[in-house]
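These notes concern the structure reproduced below.
Read-outs: derived from the displayed coordinates by stated rules, not from any lab. Every value quoted in this text rests on a predicted model; they were computed, and no experiment measured them. Here the Cβ is made from the backbone with ideal geometry for all residues, glycine too, and neighbour counts use every protein chain on show.
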Amino acid sequence: MSLRLLLVSDTHVPKRARTLPEQVWAAVAEADVVFHAGDWVTAELLDEFERRSRRLIGVWGNNDGGDVRQRLPETASVTLDGVRFSMIHETGPAKGREDRCEALFPDADVVVFGHSHIPWDTTSGCGLRLLNPGSPTDRRRQPVCTYMTAAVGDGRLLDVELVEVSRA
């Protein structure tokens, strides 16, 4: 039996969007574990994620104020079915990202991050998987808003998928 994961970041509610799209809330409801890699903007959105998630793992981002930072760490680590996850909002420039993350998170199998609003899925030379789900509310220079789904089972990360947020 695998655990269903939702990876989201940079929701920026209510600054970039008044509310989170219903498609994302439906994905929250389907997930066994929700990862949010920061830039919530308000504690009210954090409250709503806590109410709606079976299990929530979150970190604060650069646009989060003291009310969010008091409740969440800058980095988080968790092991799910033998897969070691670490999460941080910002990892710095794309160039050298894999090496920096290997140094910052030497015990991780997967690093979830945000900040750029640019989806990212790479594996470092040492086998560290780096995942950025983009943003479900602020596409910036991307063609669409996004989040990611995945699963863990039998000690492996499975079925990583970048999901487009419909404009409907």
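Structural remarks
- Distances between placed amide hydrogens fall under 5 Å for THR122 paired with LEU130, all partners being 5 or more residues away or on another chain.
- Inter-part distance where the range 50-90 and the range 93-168 are each reduced to a Cα centre, Å: 15 Å
- Antiparallel DSSP beta bridges within the range 4-149, as percent of all bridges there, nearest 5: 50 percent
- Close amide H pairs (under 5 Å, H built 1.01 Å from N) link GLU90 with GLY114, residues at least 5 positions away or on another chain.
- Most positive-pole-ward Cα, ALA26, SER77, LEU128, against dipole of the chain from beta carbon charges: ALA26
- More than 25 angstrom apart: percent of Cα pairs within the range 39-168: 24 percent
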